[in-house]
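Only one structure is covered here, and it is reproduced in the block below.
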Amino acid sequence: MGFFEIVRSANHNLFRNKARTLLTILAIFIGSFTIALNSAINSGVNAFIDNQTASLGGEDYIMIMPEGSVDTIGSMMMSSSDEPREYNPGQTLSAMDQDQLDKLKEIDGIDGENLYIAKQIAVEYITSNDTDKKYIISVGAMPPGDFNIATTAGTLPDRDSKEYQITLEPGYPKALGFESDEDAIGKTVELAVLDPATKKPVTFKAKVVGVQAKGVVAVNGSVVNPALETAMYDTITKYYPAEQKNLAYAVQTRFDNEKYTEQEIKDILRENGFYGMTVSDMMGAIRTFFDVIMIVFTIFGGIALLAAAIGIINTLLMSVEERTREIGLDKALGMSSGKIFLNFSVEAISLGFWGSVVGVGLAILAGSIVNFVVHQPGGFLEVFPTFDLFRFTFANMLPIILTVMIIAFIAGTVPAWKAAHKNPIDALRYE
């Protein structure tokens with residue numbers, strides 16, 4: 001009996017008792033369906049996070065701070081708002097002096113020629129001629145290099161332009177009275193900062209050159225070009241002492257990611273008294289959060305598969321009992337114990353195959369429908385057009401089918417062993 005004949009015979013024998021077999025397949029289906037959806041969600045979330053990271057051009061981006069400042073920020077973030085923290089004179093936000101910046105420029109692997117010092121600009125409001133309302137807004141300039149942010153319309157500001165330019169965050173075009181993101185391109189908005197002496201607003205007119213796409217990574221809020229950033233910062237700090245105007249609490253730059261890994265460059269910085277944070281670090285907490293949730297749901301799917309494995313054992317044990325005389329006849333005619341074991345093992349694997357294929361197939365159908373619905377107007381992922389909640393690929397679905405088939409084979413070994421070791425004479429006498 002060839003392999004395909006064994007497979008055909010196994011599937012025929014399974015459906016001698018259709019109700020029992022279908023109930024067993026249903027149990028396998030539930031576990032496979034659950035795990036397939038969990039795997040697809042995990043794949044979709046990670047693909048979206050990877051896409052967000054890649055869209056920032058963030059593979060070689062790094063933000064660098066004095067190591068002492070990181071301790072302070074970490075302490076601030078971890079402290080409970082219910083209890084006051086005791087003052088520690090060693091924990092202060094320290095700025096980098098020129099000697100430290102010069103030292104940083106000399107570190108191998110760091111792009112010392114393009115250190116960007118992010119300026120803190122307190123913008124009072126933004127408005128336009130198309131509305132009488134004023135809105136709070138956070139702005140910052142793009143770091144140097146190929147750092148990028150996806151846009152739904154237009155582009156990012158030109159770093160070299162002397163014209164004041166801004167790329168708005170999502171939602172601002174409509175609030176400012178423009179019909180759409182595309183309609184906002186080329187229009188003029190007005191940003192205001194406070195004069196530190198008179199406390200009166202000083203306004204700057206800026207051309208809208210783009211609108212950011214919705215994402216999970218926010219970089220400096222709305223993005224302005226260096227010319228506008230410098231003009232507003234100079235207004236805010238015009239009465240500051242010279243040594244206070246260009247304090248660097250953090251700098252942004254690039255590192256040589258072909259020569260060093262992220263961990264290696266961070267270790268080098270730490271040896272020199274600095275702390276480095278990459279885009280991967282910023283996204284790590286989000287990724288970990290989703291991974292933990294997916295593990296919990298996968299456990300529930302595993303429990304369902306465990307119940308299905310018990311069902312497989314029961315189904316095949318019943319089949320062995322029902323076919324005892326048939327097994328005895330096969331052995332009397334010369335069929336080996338190994339061939340009988342193989343027949344029942346293939347039946348178990350077939351149960352796992354059909355249950356997992358149906359489970360994965362319906363999961364793909366259900367996930368595709370949900371992906372379509374949630375991206376429609378009013379759907380909760382309408383604002384994230386590139387985020388597929390369920391992402392099905394051959395690479396993440398095939399292992400599920402194979403794993404279920406292996407579980408089914410293991411579950412079927414006991415009934416298969418029992419069938420293979422029946423005494424042919426006793427089996428033929430069985431009533």
Inset, instruction - Sort the following peptides by mean Cβ neighbour count (other Cβ atoms within 10 Å, averaged over residues), highest first: 35-41, 95-101. - result: 35-41, 95-101
Inset, instruction - Please work out the FRET efficiency for the pair Ser9 and Glu258, using the Cβ-Cβ distance as r and a Förster radius of 45 Å; give the result to the nearest 0.05. - result: 0.20
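If you roll a 1.4 Å probe over the heavy atoms of the protein chains, what accessible area per residue do you get for the stretch 300-431, in Å²?
With the other protein chains kept in place, the stretch 300-431 gives 52 Å² per residue.
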Inset, instruction - Would you tell me the accessible area of Phe297, worked out with a 1.4 angstrom probe on the heavy atoms of the protein chains, in Å² to the nearest 10? - result: 100 Å²
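Work through the residues other than Asp267 whose Cβ is under 15 Å from its Cβ and net out their charges, Lys, Arg +1 and Asp, Glu -1.
-4
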Legend entry - Per-residue SASA entry for Met335, accessible area with 1.4 Å probe, Å² rounded to 10: 50 Å²
Legend entry - Separation of the Thr298 and Leu23 label points, Cα + 7 Å toward Cβ, nm: 3.2 nm
Inset, instruction - Rounded to the nearest Å, what's the spacing between the alpha carbon centres of the stretch 246-260 and the stretch 1-36? Just the number, please. - result: 58 Å
Legend entry - Around Lys418: net Lys/Arg minus Asp/Glu count, Cβ-Cβ under 12 Å: +1
Inset, instruction - Sort out for me the Cα centre separation of the stretch 370-400 from the stretch 168-187, rounded to whole Å. - result: 27 Å
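The values are calculated or read from the model by the stated rules, or taken from the named source; none is laboratory data. Small disclaimer: the values here were computed from a predicted structure and weren't measured. We place every Cβ from the backbone using ideal geometry, glycine too, and count neighbours over all the protein chains shown. Each accessible area value is taken on the protein alone, full model and side chains, heavy atoms only, with ligands, DNA and RNA left out. Shrake-Rupley method; radii C 1.70, N 1.55, O 1.52, S 1.80 Å.
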